[in-house]
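In what follows, a single structure is set out as structure tokens and then discussed.
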Amino acid sequence: MSAEVHAAGGLVVRDGRLLLEHRPRYDDWSLPKGKLEPGEDSEQAAMREVEEETGVRVRLGEELEPVHYTDNKGRPKTVRYWVMTPVGQDEFAPNDEVDEIAWLTPEEAIERLSYPHDRDLVTGWWRRGREVERKFLVDRLPDDLERAPRRRLSQGYLVTGDVEVRLRRADDETFLTVKAGTGLVRAEEELPIDPDRFDRLWPLTEGRRVEKVRHLVEQDGRTIEVDVYAGAHEGLVVAEVEFSDEEDAHGWTGPSWLGADVTGDPEYSNARLAS
């Protein structure tokens, strides 16, 4: 068996756009990367390869999951990637190895990349921190609701508006969540916090809280979150469904017990209900 090839590269991000390179030798579009040189560690190789190939100096961010595949010589290959931020001005000059670079949105990059492993890496990175979700009113409760797993949720808002900062207690677990945007696709980051910190922050949400029980209903291989509200909104039942992408979301047809699609309707946002 051939020895494994070790390489390193970068997912270089500037203003929400990703850096891709075109290699004339292969006539392909890929992420900048290259093999480690003797005595070089992966971090050094990743930064060096990006600058040598694209003229972009960078600093390292978080490391992504390594990519494994078989190269064009039949050798197993592992590439370690880091998210990178450009430093200074681009100094790209076409060369024999790379004759063109492009800064593309994640959607454009996924479309242009030549190899599945590169597309999968970008897709996985891009989907983190974003929520693709549809919201519906519930015309009638599903028959199996009482048998579905459930969690009692208490949510309070520290900040509302274009950016929301929310505290959530889900049974015994506590979280701080930041959301931005409206409609089908929103930015979202959820961070676990310790209960003591949650308890110190919770009083700051006074007057901006909701209480509900979330039921997880399985339907044709997809989980529908059915929220039954209590307190000031008792009688309101809303269902939320998450999707892998917009195409998946638009193509989905829900069960008959779902009512009006209120995705993006501010009247049914939890932040508005909490005010």
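The values are calculated or read from the model by the stated rules, or taken from the named source; none is laboratory data. All figures in this text were calculated on a predicted structure; none of them were measured in a lab. We place every Cβ from the backbone using ideal geometry, glycine too, and count neighbours over all the protein chains shown. These accessible areas exclude ligands, DNA and RNA; they are computed on the full protein's heavy atoms, side chains included. Shrake-Rupley method; radii C 1.70, N 1.55, O 1.52, S 1.80 Å.
Helix 42-54 against the longest principal axis of the chain: what's the angle in degrees, Cα atoms only, rounded to the nearest 10?
70 degrees
What are the ³J(HN,Hα) couplings of the stretch 30-35, residue after residue, when phi is run through the Karplus curve with 6.51, -1.76, 1.60 and θ = phi - 60°? Round to Hz, x for glycine and proline.
8, 7, x, 6, x, 6
Tell me which residues come under 5 Å, amide H to amide H, from Val262 once H is placed; ignore anything under 5 positions away on its chain.
Amide H neighbours of Val262, under 5 Å, 5+ apart: Lys135, Phe136, Leu137.
Residues with beta-carbon under 11 Å from that of Thr223, excluding Thr223: net charge, scoring Lys, Arg +1 and Asp, Glu -1?
-3
Given a Förster distance of 25 Å, report the FRET efficiency between Lys73 and Ser244 from their Cβ-Cβ distance, rounded to the nearest 0.05.
0.15
Mind listing the long-range amide H neighbours of Leu236? Cut-off is under 5 Å, sequence gap 5 or more, other chains count too, H placed in the peptide plane at 1.01 Å from N.
Distant-sequence amide H within range of Leu236: Tyr229.
What residues qualify as long-range amide H neighbours of Glu100, i.e. H under 5 Å apart, gap of 5 or more or another chain, H built at 1.01 Å from N?
Correct list: His22.
Once both labels are modelled 7 Å past Cα along the beta-carbon direction, what's the Thr263-Glu4 spacing in nm?
4.1 nm
Rounded to the nearest 0.05, what FRET efficiency is calculated for Arg59 and Leu145 with R0 set to 51 Å and r the Cβ-Cβ distance?
With R0 = 51 Å, the Cβ-Cβ based efficiency is 0.50.
With unit charges on the beta carbons (Lys and Arg positive, Asp and Glu negative) and the dipole taken about the Cα centre of the stretch 61-134, which residue among Thr78, Gly61, Val122 sits farthest to the positive side?
Value computed over the given set: Thr78.
Given a Förster distance of 25 angstrom, what is the FRET efficiency for Ala232 paired with Glu107, based on the Cβ-Cβ distance and rounded to 0.05?
Calculated transfer efficiency: 0.05.
Can you work out ³J(HN,Hα) from phi for every residue in the stretch 96-110, in order, using Karplus 6.51 cos²θ - 1.76 cosθ + 1.60 and θ = phi - 60°, giving whole Hz and x for Gly and Pro?
With coefficients 6.51, -1.76 and 1.60, one gets 5, 7, 9, 9, 7, 10, 8, 9, 10, 5, x, 4, 5, 5, 4 Hz.
So for the chain, averaging the separation of alpha carbon pairs under 8 Å that are six or more residues apart and normalising by length, what relative contact order in percent results?
Result for the chain is 16 percent.
As I understand it, the value is the acute angle between the Cα axis of helix 116-127 and the longest principal axis of the Cα atoms of the chain; what does it come to in degrees, rounded to 10?
40 degrees
What number, rounded to the nearest 500 deg cm²/dmol, is the helix-based mean residue ellipticity at 222 nm of the chain, given -39500 (n - 2.57) per DSSP H run of at least four residues and division by all its residues?
Rounded to the nearest 500, it is -5000 deg cm²/dmol.
Below 13 angstrom from the Cβ of Leu18, what's the summed charge of the other residues (Lys, Arg +1; Asp, Glu -1)?
Counting the neighbours of Leu18, the net charge comes to -2.
For the stretch 159-275, give the magnitude of the charge dipole about the Cα centre (Cβ charges: +1 Lys/Arg, -1 Asp/Glu; no others), in debye to the nearest 20.
That gives a dipole near 520 debye.
For Kirkwood radius over Cα pairs in Å, the choices are [x] 21.7; [y] 19.0; [z] 19.9; which was calculated from the structure?
Answer label, from the structure shown: [x].
Please turn the phi angles of the stretch 240-249 into ³J(HN,Hα) values with the Karplus equation 6.51 cos²θ - 1.76 cosθ + 1.60 (θ = phi - 60°), one per residue in order, whole Hz, x for glycine and proline.
Whole-Hz 3J(HN,Hα) from phi for the stretch 240-249: 10, 9, 9, 10, 6, 7, 5, 4, 4, 5.
How far is it, in nm, from the label point at Gln44 to the one at Arg214 when both lie 7 Å from their Cα along the line to the Cβ?
4.6 nm
Kindly report the accessible area of the chain per residue (heavy atoms of protein chains, probe 1.4 Å, no ligands, DNA or RNA), in Å².
For the chain, the per-residue accessible area is 54 Å².
Can you count the Lys pairs in the chain with C-alpha separation below 29 Å, eight or more apart or on different chains?
Lysine pairs, 8 or more places apart or on different chains, close enough: 7.
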